[in-house]
Amino acid sequence: MASLASTGTTRTSFLASRSSCFCSKKVIVTVSVQQKKAERRNMSVKATGMAKFKGTHMREKHLTEMIEQKVIEAKQVCEGDMTSDECKVAWDEVEEVSQAKADLRRKLEEQDPLEFFCQDNPETDECRVYED
Amino acid sequence: MAICTVYTTQSLNSTCSIYTPSTTKTQLSFHQKQLVLFSSSKRSRSKRGGSNTCVITCAAGHSETVVIGLAADSGCGKSTFMRRLTSVFGGAAEPPKGGNPDSNTLISDTTTVICLDDFHSLDRTGRKEKGVTALDPRANNFDLMYEQVKALKEGVAVEKPIYNHVTGLLDPPELIKPPKILVIEGLHPMFDQRVRDLLDFSIYLDISNEVKFAWKIQRDMAERGHSLESIKASIEARKPDFDAYIDPQKQYADAVIEVLPTQLIPDDNEGKVLRVRLIMKEGVKFFSPVYLFDDGSTISWIPCGRKLTCSYPGIKFLYCPETYFGHEVSVLEMDGQFDRLDELIYVESHLSNISTKFYGEVTQQMLKHADFPGSNNGTGLFQTIVGLKIRDLFEQIIASKAVAPAQATKV
């Protein structure tokens, strides 16, 4: 017994009447499910991997700049003494921001991390839709 | 519309579960007198002959959250493991909605994942001033970690701080409600003895230096600031603290996933083909190690042959009992990678004690996340299996508690 959401895709209504037969009949519920989800979210889904909101774009930019900057800093600090605490801390910071950037990139593959925040706070500066 | 009303006439330090056939269990923790009004609307699409009954059961006694600890260095696959784990339990784990968008917490129906960086006592500036890395225990507040994990385990919500990785600052706290399964992941879940004792199960991801280097190259080479030298320098500078504070935790873990370069290809330094060892402690409550063919024996197995054709470099398994830091362990090792679906299902069908609920569940989970790193080798396979073992452990714990529910109030 299969009840299909009617979203304009093929409705195999004969299945409903033949509820006794569960055999190997395929039920096609493909694109309709995705469309419904997007409709519910009330927003179009932008190309994956791209920042949708200004806030996310700013974070990406900030992390990228920090990686560059902190690598330069670490190289400078470690020139004197490679085993010093300052040297360790400097490279640890590089690791931290590199991982943070990688996490952000990964999250972006699914959706903009600010998606839910911006649904509730659409008027904030962070939530302006980012245009390249 | 059906309305069920529950009156509690005495203070119950109890758990109440509200269960309707069409929704998942909702669990509430009560610590004082509560009036519960529960209404359920009858769905228009009723199942054949089914009645919409709602059952409210209250059992006195604490609802203990099951706590899992996951330790690994930064950039070593904790996030991927978390995603596989939460997928096994069902539901997608997402950051808490409506809160701080830079929160590190993930919440799904059954599981809450907390990042232990949130218990940093020093923010980025503070650590720089003191000359202390994030790996150093001095940068972390273990008292708070213990207090809050203990509270959550006992069913009490907490206001947990947030460490913001973008700004490097400690943000205002967020409310964490006790979940069914709490996962604490980070650098130090097993460092403090008190926190260690709260864990029902613990895992350590032990990535060898060569593999770590290869993974970080993959992660960072696209970044403008990075080069091979900077990536290498970062790993080496952090190594002393890592060896002193993080690595020793592996002796306490119930399961260690060790990732090494392959032995199948001489001089392979790309780190693409991996040798992965799943080291499982013997004698852990509710956890029975996975084995090949004969529990406790030593087996060397190459599945590729007449029944299964594999492409280069193939797949090799090893299973044997060993001693690890003075403990009896069973080790299941996989070297090589899967190229085809039928290789995966063939391997799965020969493993025992994998706690699947149906034949092919491991394969199905791996396919579901075919885009995750490690989906074609032992890292994905063993992470998925550990996820299933944890699910099994969780269900056994719940079952053992259900055997003795103290006073149950009648509705």
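A few notes on this one:
Yes or no, residue by residue, for (1) touching a strand residue (DSSP E or B) at 6+ places or on another chain (Cβ under 8 Å); (2) of a type outside the set (D, E, K, R):
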{"residue": "B:Asp192", "(1), (2)": "no, no"}
{"residue": "B:Ile203", "(1), (2)": "yes, yes"}
{"residue": "B:Ile207", "(1), (2)": "yes, yes"}
{"residue": "B:Ile217", "(1), (2)": "no, yes"}
{"residue": "B:Arg224", "(1), (2)": "no, no"}
{"residue": "B:Ser227", "(1), (2)": "no, yes"}
{"residue": "B:Ala237", "(1), (2)": "no, yes"}
{"residue": "B:Ala244", "(1), (2)": "no, yes"}
{"residue": "B:Glu258", "(1), (2)": "yes, no"}
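- Exactly one residue among B:Ala237, B:Ala151 is within 11 Å of chain A (Cβ to nearest Cβ) and not in a strand (DSSP E or B), and that residue is B:Ala237.
- Residue identified as within 14 Å of another protein chain (Cβ to nearest Cβ) and modelled with pLDDT under 95 among B:Glu223, B:Glu210: B:Glu223
- Candidates are the residues of the range B:83-94 that are surrounded by fewer than 20 Cβ atoms within 10 Å (Cβ to Cβ) and in contact with a strand residue (DSSP E or B) (Cβ under 7 Å, 6 or more places away or on another chain); the one that is farthest from the other protein chains (Cβ to nearest Cβ) is B:Phe89.
- Of all residues in the range B:162-174, those that are under 13 Å from B:Asp118 (Cβ atoms) and either in contact (Cβ under 8 Å) with a residue 60 or more places away in the chain or surrounded by fewer than 18 Cβ atoms within 10 Å (Cβ to Cβ) (or both) total 8.
- Scanning the range B:178-200 for residues that are free of Cβ contacts under 8 Å to residues at least 60 places away in the same chain and part of a loop (DSSP other than H, G, I, E, B), we see that the one that is surrounded by the fewest Cβ atoms within 10 Å (Cβ to Cβ) is B:Asp192.
- Looking only at residues of the range A:73-132 that are within 20 Å of B:Ala244 (Cβ to Cβ) and modelled with pLDDT under 90, we find that the one that is farthest from the other protein chains (Cβ to nearest Cβ) is A:Asp81.
Conditions tested, residue by residue: (1) surrounded by fewer than 13 Cβ atoms within 10 Å (Cβ to Cβ); (2) modelled with pLDDT of 95 or more.
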residue	(1), (2)
B:Ala370	yes, no
B:Asn376	no, no
B:Phe382	no, yes
B:Val386	no, yes
B:Arg391	no, yes
B:Ser400	yes, no
B:Ala408	yes, no
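- Condition check for B:Val88: out of contact with any Pro (no Cβ under 9 Å at 6 or more places or on another chain) and under 19 Å from B:Asp200 (Cβ atoms): yes
- Looking only at the range B:133-148, and only at residues there that are of a type in the set (D, E, K, R) and assigned to a helix (DSSP H, G or I), the one that is farthest from B:Lys239 (Cα to Cα): B:Glu147
The values are calculated or read from the model by the stated rules, or taken from the named source; none is laboratory data. A quick note: this is a predicted structure, and the numbers were derived from the prediction, not measured. With ideal geometry, Cβ positions are generated from the backbone for all residues, glycine too; neighbour counts draw on all protein chains shown.
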